[in-house]
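Shown next, in structure tokens, is the structure this report addresses.
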2 protein chains.
Amino acid sequence: MLYTDSLSRLIKEFQKMPGIGQKSAQRMALYVLQISKPQAQRLAKAIVDIKDKILYCSICGNITEQNPCSICANPKRDPAVICVVEDPKGLLAIEKTKAHHGHYHVLMGNISPLDNIGPEQIRIKELMQRIEAGGISELIIATSPNIEGETTAMYISKLVKPTGIKVTRIARGLPMGGDLEYADEVTITKAMEGRLEF
Amino acid sequence: MLYTDSLSRLIKEFQKMPGIGQKSAQRMALYVLQISKPQAQRLAKAIVDIKDKILYCSICGNITEQNPCSICANPKRDPAVICVVEDPKGLLAIEKTKAHHGHYHVLMGNISPLDNIGPEQIRIKELMQRIEAGGISELIIATSPNIEGETTAMYISKLVKPTGIKVTRIARGLPMGGDLEYADEVTITKAMEGRLEF
């Protein structure tokens, strides 16, 4: 009875979003209440539009509005080096660094037995098809450094190694600007294992 | 060029919300991308609906779907004690505690000279009209304990005092569960000033 019907409905919708709790959802709903009606309509339209306009690149699986996506279609990028990421968020994170000049392959998930996600549920088959088609020299596996990401990386590397293609994994180690004192043991262990010669 | 057009449009819309930064907005937009189309339409509808259905209570100024609101219309609540809050968020925060059994008055803002908000821009005139209409014994001022909230509280108390109505201010002091060591000086000063006898 605290909220009106339409307000509690909107709060519930916002709360379904990742990282949005009760307080944030309430703040967001009250924001919507306070903006003008055309502004609210613009927000609602942006939400529906994205579902109508966005499709998945038939090559890398990234979200795009034209197929193939702007990265796969860019002649300046090296199609021989493919960076494997778990989702578009991972791709965006790497693109922002401008450290990768090759193509991508978006898995749309990680292997996670606990969530009933096996290798067949993510885009590993499509990756193998790209490899079989030839022209690839290196596969950089950039899944997250958590259990699911590591499992997926391991699985793909075992699958691809026999083809003779170079398979690498992005380095796990101490974050830049961090303090050794505050780093956790697993990270320090990984940093020791991954040490490079000067 | 990192995002597609419709994605960056949605991210921009989300970023306008209070407390939503670039990262959260991106996460929210990618969530919308991933839910089903009917789900996205439901979210969009909830946003537009709220603008169509919600109105402001003609008595207290709170958001409601019927006029007067369920608090003003509730015969079990005491209309002689009015709690003055700056916005519906403040009202909700107090309602959740179940500590107030009277009515409310929502100011829809605080006096803030820096933002060009004077006493005329918020619902003080309406408050004075309610007081003049009679039947009110106590005014509990529950604006936020920041500069704007304190200014507003002070202004209203000065305005109402001559009418003979009891005007109180919710206590400022140490938050429960907190540690004296980590409290700021202004809060400790307020806590000392507001000390109560055992």
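Structure above, values below:
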| read-out | value |
| --- | --- |
| Net charge dipole size for chain A [Lys, Arg +1 and Asp, Glu -1 on Cβ; Debye, nearest 20] | 700 |
| Between 0 and 90°, nearest 10: helix B:88-97 axis offset from chain B longest Cα axis | 70 |
| Signed unit charges on C-beta, dipole axis of chain A, positive-most listed residue A:Ile156, A:Gly134, A:Ala25 | A:Ala25 |
| Peptide-level mean, for A:19-29, of C-beta atoms on other protein chains within 10 Å | 4 |
| Cα centroid separation, the stretch B:48-100 to the stretch B:115-170 (Å) | 17 |
| Residues of the stretch B:34-54 with amide N under 19 Å of the 7 Å Cα→Cβ point at A:Lys37 | B:44-54 |
| Entries in A:Lys16/B:Lys51; B:Lys23/B:Lys98; A:Lys125/B:Lys37; A:Lys23/A:Lys89 that, when Cα-Cα distance is taken, lie over 30 Å | B:Lys23/B:Lys98 |
| Separation in nanometres of the label points that stand 7 Å from Cα toward Cβ, at B:Gln66 and B:Glu132 | 3.1 |
| Gaussian network model of chain A, springs between alpha carbon atoms under 10 Å - residue of A:Pro145, A:Pro88, A:Pro175 with greatest fluctuation | A:Pro175 |
| Nearest-10 value in Å² for the accessible area of A:Cys60, using the 1.4 Å probe | 0 |
| Estimated buried accessible area (total), pair B and A, 1.4 Å, Å² to nearest 100 | 5000 |
| Taking N as its residue count, the alpha carbon Rg of the stretch A:78-192 over 2.2 N^0.38 Å | 1.11 |
| Estimated inter-spin distance, A:Thr97 and A:Ser157, nm [label 7 Å along Cα→Cβ] | 1.6 |
| Residue and distance (whole Å) for the chain A Cβ nearest the axis that superposes A on B | A:Ala44, 2 |
| GNM top mover of B:Ala80, B:Ala44, B:Ala93 - chain B, alpha-carbon springs below 10 Å | B:Ala44 |
| A:Val106 accessible area, assembled protein chains, probe 1.4 Å, Å² | 0 |
| Nearest-20 debye value, the protein assembly as shown charge dipole, Cβ charges on Lys, Arg, Asp, Glu | 1080 |
| Protein accessible area in the stretch B:42-139, 1.4 Å probe - carbon and sulfur % | 55 |
| Nearest-ten-degree value, helix A:22-34 long axis tilted from longest Cα axis of chain A | 60 |
| Rounded to the nearest 10 Å², the accessible area of B:Arg42 at probe 1.4 Å | 120 |
| Simple Cβ-charge dipole of the stretch B:78-192, Lys/Arg +1 and Asp/Glu -1, about Cα centre, in debye nearest 20 | 420 |
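The values are calculated or read from the model by the stated rules, or taken from the named source; none is laboratory data. All values reported here derive from a predicted model rather than from experimental measurement. So basically every Cβ, Gly included, is an ideal-geometry build from the backbone, and we count neighbours across all protein chains shown. We work out accessible area using only protein heavy atoms, side chains counted, and drop any ligands, DNA or RNA first. Shrake-Rupley method; radii C 1.70, N 1.55, O 1.52, S 1.80 Å.
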